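For reference, the structure is listed below as structure tokens.
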There are 2 protein chains.
Amino acid sequence: MNIEIIAVGTELLSPRFTDTNSLYLIERLGDIGLPVARRTIVGDWGEGLEASLRRAMDFADWILVGGGLGPTGDDRTREAAASALGRGLVFRPDIQAAIEERFRRRERPMAEPNRRQAWIVEGAEVLPNGAGTAPGQWIESGGKILVLLPGPPHELKTVFESSVLPRLAARGRRHASRAVIRTTGLTESEVEALIAELYPESGDCGLTVLASPGRVDLHVSASGEKAGEAEVRLNNLAGKLRDRLGSAVYGGQDDELESVVVRLLREAGATLATAESCTGGLVAHRLTNVPGSSRVFLGGYVAYGNAAKARDLGVDPSIIEAEGAVSEAAAAAMAFGAKRRMGADWALALTGIAGPDGGSESKPVGLVHIALAGPDGMTAERRVFPGLRETVKFLSSQRALDMLRRRLSGIA
Amino acid sequence: MNIEIIAVGTELLSPRFTDTNSLYLIERLGDIGLPVARRTIVGDWGEGLEASLRRAMDFADWILVGGGLGPTGDDRTREAAASALGRGLVFRPDIQAAIEERFRRRERPMAEPNRRQAWIVEGAEVLPNGAGTAPGQWIESGGKILVLLPGPPHELKTVFESSVLPRLAARGRRHASRAVIRTTGLTESEVEALIAELYPESGDCGLTVLASPGRVDLHVSASGEKAGEAEVRLNNLAGKLRDRLGSAVYGGQDDELESVVVRLLREAGATLATAESCTGGLVAHRLTNVPGSSRVFLGGYVAYGNAAKARDLGVDPSIIEAEGAVSEAAAAAMAFGAKRRMGADWALALTGIAGPDGGSESKPVGLVHIALAGPDGMTAERRVFPGLRETVKFLSSQRALDMLRRRLSGIA
């Protein structure tokens, strides 16, 4: 079954306005396990509204339209709906009387344009609007349901909550469940390859793979007619996905990699220091975004120049002379220096070429050496990250934090 | 003429995700005087995508589709577009070679699913994607234009700016001009009050005030049928706005405060060091986001604990004992320490309470002391910033950078 939401209003086609009505409807429908298949946003003028209603009647089973029921000339949802359905409009004196009564309570005469709001699509059921003058309309046609809702958000909510949601829930009552699995260290394609076999098993569950730099998230959802039944299918699929993805999984909804690392450090009663060259403080910034990080993060060095690397971190200038500032030896010396100087249990060091300049054949832009010094020795990695300067910085910080997460979690 | 934007992605039909791609496209089309008639948001699965492409070919003259060009099984825009147009798909070995080359530069093999991205709609022109693996596609059919764009925002922007916008502007025969004025240090209301008198004068120009934490931007636009005429009106209004806003203006489109500071330091031949407590490396991170910042930024300290403040920055423990780590005296000592130790001309130091815990009656959450040490002495400020931890960190870094910008620009 397909549900479509149509938001009507030229102002919604500007980059500054948010169509909050549709987001609200999506959320409330999601609460009863009903996903929305399409959202359409169309202006008040031109042929777009009627064309959208016609196509919605082809595509969707339930159509919710928000807006365009006001009193003015650019409110044309009534006319467009009648036309798209091949029906007429009917004047309802009882609606006009209700509007007049509303004005009377406010001790004002009804403005003439409000008369327009007393017209309804032939055969429509009127949905009372306790918060404004335009009633909603419930129209059934050929097994499909078309609901017209007023556009002002509090009016739309009033009509939807009182007259629409209960009926839709009764017709389609579904129980819904949802999970997010966050991974790092794998590309979208690698994730896809690992979980490909599970697609046939995913059955009625929704499964979306969402990639952003340094992270691939899986969104899993399930809905069903019986309470608990959706949860069982969801947990079953989510469990299999986590098994396949293994140690690449670092958390669920709302888990940032830095908050996972801070939690692991706190659980281990361990402290951390950083020494950053190419990331320029980003690792420290991310760690200190986590409330309570001051209990485990002692501090860091942004050793951008070679002099700072020698003076603050005790990196032997002959290492930089022989191997260069971007080298495994320099990264290791930086990590040991930060660990010793801060008196920390762990230290992360990064040195690399963030670009756009400074690359060479043997040391290209994006090359980063990461070293992790810990209570039981050192790990170092050489990586080449793609992208522009800020992406290289972010991917470097992501990998550094993940190296620490893996060590703290005992992952080989 | 009707323009429609179609955003593809099931995640965009959740109440949590914002379809920023469509907002961006609406903004850029608006810049060249082209309004969007309809926005559609449709999921990856089911018949919705193809149905939406079919209805768009009926309704719109130009159709921009964002998303669904990725490598995985739920990326189906290529297939749906071919099907809606009644065309086939063609495998392009040259695209596969370009994707393989991209992986080679990262020293990784191309994952098998990425092969899917080498298929294009029969007759489509390939639009190179400098930022990712999926090229865009430009398809003309029956006098209509269908453009397929990759979904990751930076990729969509890259392809749109380089290959799509110039062509659409040429066909739309509008000359448009646009300016952005960026300010910091004023609230949105203060900006409104300063420019209120200019609203009647703005005439046919578009003027939008856009506030984000620590920054208020003004977007000015003008369009017309004759080249040059729009520019004249735009420059006239933008000049008056800049006059009104005075020293709060720090740059234009694409100018970040940190890039302005790096440019001013380079012009002055001066160097900078940082000492951060509450901002945890954010000031250094922002500075090192600027290409070429290594010539002026010597490095920094993330002195999160008091021991680090004493050891690395030479802050006298008796100052912290008497005044507290969050005090003007501590900030000043940190700035002097970083300046001396790094041998820099300037040093910025920040110490404060980012929250959510750690506040008191006299030192509330959001309190920050910022000190700027320079060749001709020290400036210090006490501020209390609103918001959550990350906002307090950002606003602190913004004010610190602006203090330096003002000193370097000779603004009182």
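The values are calculated or read from the model by the stated rules, or taken from the named source; none is laboratory data. Just so it is clear, the model here is predicted, and its values are computed rather than measured. Note: ideal-geometry Cβ built from the backbone for every residue, glycine included; neighbour counts use all protein chains shown. Keep in mind that these areas ignore ligands, DNA and RNA; they rest on the heavy atoms of the full protein, side chains included. Shrake-Rupley method; radii C 1.70, N 1.55, O 1.52, S 1.80 Å.
Quick check on my filter: what residues within segment A:288-304 are within 7 Å of chain B (Cβ to nearest Cβ) and either more than 16 Å from A:Leu350 (Cβ to Cβ) or assigned to a helix (DSSP H, G or I) (or both)?
Taking segment A:288-304 and keeping what is within 7 Å of chain B (Cβ to nearest Cβ), we get A:288-289, A:291, A:294, A:297-304.
Answer for segment A:288-304, where residues must be within 7 Å of chain B (Cβ to nearest Cβ) and either more than 16 Å from A:Leu350 (Cβ to Cβ) or assigned to a helix (DSSP H, G or I) (or both): A:Thr288, A:Asn289, A:Pro291, A:Ser294, A:Leu298.
Would you please name the residue that is nearest to B:Ala335 (Cα to Cα), looking only at residues in segment B:260-273 that are of a type in the set (Gly, Ala, Ser) and open to solvent by less than 30 Å² (accessible area, probe 1.4 Å)? Steps first, answer last, please.
Of all residues in segment B:260-273, those of a type in the set (Gly, Ala, Ser) come to B:268-270, B:273.
Then drop every residue that is not open to solvent by less than 30 Å² (accessible area, probe 1.4 Å), which leaves B:270, B:273.
On the way: B:Ala270: 16, B:Ala273: 8 Å.
Among residues in segment B:260-273 that are of a type in the set (Gly, Ala, Ser) and open to solvent by less than 30 Å² (accessible area, probe 1.4 Å), the one nearest to B:Ala335 (Cα to Cα) is B:Ala273.
Counting only residues that are within 14 Å of chain B (Cβ to nearest Cβ) and closer than 26 Å to A:Ala222 by Cα, give me the strands (runs of 3 or more DSSP E) lying completely in segment A:100-203 with at least 2 of them. Explain how you work it out, then say what you get.
Working: elements: A:119-121, A:125-127, A:136-141, A:144-149, A:175-183.
Those strands (runs of 3 or more DSSP E) span A:175-183.
The residues of segment A:212-225 that are in contact with a strand residue (DSSP E or B) (Cβ under 8 Å, 6 or more places away or on another chain) and either under 25 Å from B:Asp19 (Cβ atoms) or facing chain B (nearest Cβ under 7 Å) (or both), listed by number, are A:Arg215, A:Val216, A:Asp217, A:Leu218, A:His219, A:Val220, A:Ser221, A:Ala222, A:Ser223.
Can you tell me which residues in segment B:264-284 are closer than 27 Å to A:Thr288 by Cα and either facing chain A (nearest Cβ under 9 Å) or not in a strand (DSSP E or B) (or both)? Write out each step before concluding.
So in segment B:264-284, the residues closer than 27 Å to A:Thr288 by Cα come out as B:271-284.
B:Thr271, B:Ala273, B:Thr274, B:Glu276, B:Ser277, B:Cys278, B:Thr279, B:Gly280, B:Gly281, B:Leu282, B:Val283, B:Ala284, listed by residue number.
Filtering segment B:14-25 to residues that are in contact with a helix residue (DSSP H, G or I) (Cβ under 9 Å, 6 or more places away or on another chain), outside any loop (DSSP other than H, G, I, E, B), over 23 Å from B:Gly73 (Cβ atoms) and open to solvent by 10 Å² or more (accessible area, probe 1.4 Å) leaves B:Thr20, B:Tyr24. Answer yes or no as to whether A:Ala335 is open to solvent by less than 60 Å² (accessible area, probe 1.4 Å), among the aliphatic types (A, V, I, L, M) and more than 14 Å from chain B (Cβ to nearest Cβ). The answer is yes for A:Ala335. Kindly check whether there is at least one residue in segment B:373-390 that is part of a loop (DSSP other than H, G, I, E, B), out of contact with any helix residue (DSSP H, G or I) (no Cβ under 8 Å at 6 or more places or on another chain), more than 17 Å from B:Val283 (Cα to Cα) and within 14 Å of chain A (Cβ to nearest Cβ). Yes: segment B:373-390 contains one or more residues that are part of a loop (DSSP other than H, G, I, E, B), out of contact with any helix residue (DSSP H, G or I) (no Cβ under 8 Å at 6 or more places or on another chain), more than 17 Å from B:Val283 (Cα to Cα) and within 14 Å of chain A (Cβ to nearest Cβ).
Assessment of segment B:29-46 against the conditions (open to solvent by 30 Å² or more (accessible area, probe 1.4 Å), of a type in the set (D, E, K, R) and free of Cβ contacts under 8 Å to residues at least 60 places away in the same chain) yields no matching residue.
For segment B:320-352, the set of residues classified as part of a helix (DSSP H, G or I) and not aliphatic (A, V, I, L, M) consists of B:Glu321, B:Glu323, B:Glu328, B:Phe336, B:Gly337, B:Lys339, B:Arg340, B:Arg341, listed by residue number.
Per the conditions (1) at pLDDT below 90; (2) touching a strand residue (DSSP E or B) at 6+ places or on another chain (Cβ under 9 Å), the sole criterion not satisfied by A:Asp74 is (2). Considered as a group, the residues in segment A:226-246 that are out of contact with any strand residue (DSSP E or B) (no Cβ under 7 Å at 6 or more places or on another chain) and under 30 Å from A:Thr391 (Cβ atoms) include one that is least open to solvent (accessible area, probe 1.4 Å), and that residue is A:Gly246. Counting residues in segment B:280-293 that are closer than 23 Å to B:Val368 by Cα, open to solvent by 40 Å² or more (accessible area, probe 1.4 Å) and of a type in the set (D, E, K, R) gives zero.
Just one residue in the set B:Lys226, B:Lys144 is in the same structural domain as B:Leu53 (by TED's automatic domain parsing) and either out of contact with any helix residue (DSSP H, G or I) (no Cβ under 9 Å at 6 or more places or on another chain) or not hydrophobic (A, V, I, L, M, F, W, C) (or both); that residue is B:Lys144.
Might you let me know whether segment B:33-46 holds any residue that is charged (D, E, K, R) and either assigned to a helix (DSSP H, G or I) or more than 9 Å from every other protein chain (Cβ to nearest Cβ) (or both)?
No, segment B:33-46 contains no residue that is charged (D, E, K, R) and either assigned to a helix (DSSP H, G or I) or more than 9 Å from every other protein chain (Cβ to nearest Cβ) (or both).
Of the residues making up segment B:47-72, just one is at the interface with chain A (Cβ under 7 Å from one of its Cβ atoms) and within 15 Å of B:Ser22 (Cβ to Cβ), namely B:Ser52.
Considering only segment B:4-13, how many residues are at the interface with chain A (Cβ under 7 Å from one of its Cβ atoms) and either open to solvent by less than 30 Å² (accessible area, probe 1.4 Å) or among the charged types (D, E, K, R) (or both)? Spell out the reasoning first.
Applying the first criterion (at the interface with chain A (Cβ under 7 Å from one of its Cβ atoms)) to segment B:4-13 yields B:10-11, B:13.
Pick out the ones that are also either open to solvent by less than 30 Å² (accessible area, probe 1.4 Å) or among the charged types (D, E, K, R) (or both) and you get B:11, B:13.
Count: 2.
Among the residues of segment B:18-32, how many are more than 8 Å from every other protein chain (Cβ to nearest Cβ) and out of contact with any Leu (no Cβ under 9 Å at 6 or more places or on another chain)?
Narrowing segment B:18-32 to residues more than 8 Å from every other protein chain (Cβ to nearest Cβ): B:19-22, B:25, B:28-29, B:31-32.
Next, only the ones that are out of contact with any Leu (no Cβ under 9 Å at 6 or more places or on another chain) stay: B:20.
The total comes to 1.
If you filter segment A:231-263 down to residues that are part of a helix (DSSP H, G or I) and polar (S, T, N, Q), you find that the one that is farthest from A:Pro291 (Cα to Cα) is A:Asn236.
Anything in segment B:307-319 that is assigned to a helix (DSSP H, G or I) and either at the interface with another protein chain (Cβ under 10 Å from one of its Cβ atoms) or open to solvent by less than 50 Å² (accessible area, probe 1.4 Å) (or both)? List them, or say none.
Within segment B:307-319, the subset assigned to a helix (DSSP H, G or I) is B:307-313, B:317-319.
Of everything in segment B:307-319, those that are assigned to a helix (DSSP H, G or I) and either at the interface with another protein chain (Cβ under 10 Å from one of its Cβ atoms) or open to solvent by less than 50 Å² (accessible area, probe 1.4 Å) (or both) turn out to be B:Ala307, B:Ala308, B:Lys309, B:Ala310, B:Arg311, B:Asp312, B:Leu313, B:Ile319.
Among the conditions (1) modelled with pLDDT under 95; (2) farther than 29 Å from B:Asp217 by Cα; (3) not charged (D, E, K, R), the only one that A:Val65 does not satisfy is (1). Can you find even one residue in segment B:233-256 that is under 25 Å from the mean Cα position of the chain (by Cα), within 14 Å of chain A (Cβ to nearest Cβ) and not basic (Lys, Arg)? Yes, some residue in segment B:233-256 is under 25 Å from the mean Cα position of the chain (by Cα), within 14 Å of chain A (Cβ to nearest Cβ) and not basic (Lys, Arg). Taking first residues from segment B:103-129 that are among the acidic types (Asp, Glu) and partners that are open to solvent by 40 Å² or more (accessible area, probe 1.4 Å), the Cβ contacts under 6 Å between residues at least 6 apart in sequence or on separate chains come to B:Glu122/B:Arg87; B:Glu122/B:Val90.
Pull up segment B:338-355, narrow it to residues that are away from chain A (no Cβ under 11 Å) and hydrophobic (A, V, I, L, M, F, W, C), then point me to the one that is most open to solvent (accessible area, probe 1.4 Å).
First, pick out the residues of segment B:338-355 that are away from chain A (no Cβ under 11 Å): B:339-340, B:345-352.
Of the ones still in play, those that are also hydrophobic (A, V, I, L, M, F, W, C) are B:346-350.
Details: B:Trp346: 20, B:Ala347: 0, B:Leu348: 0, B:Ala349: 0, B:Leu350: 1 Å².
Step by step, filter segment B:338-355, then rank; the result is B:Trp346.
The residue pairs whose first member lies in segment B:1-27 and is on the phi > 0 side of the Ramachandran plot, whose second member is part of a helix (DSSP H, G or I), and whose beta carbons are closer than 6 Å, counting only pairs six or more residues apart or on different chains, do not exist in this structure. Each residue in segment A:80-137 was checked for being among the charged types (D, E, K, R) and closer than 24 Å to A:Ile6 by Cβ, and 5 pass.
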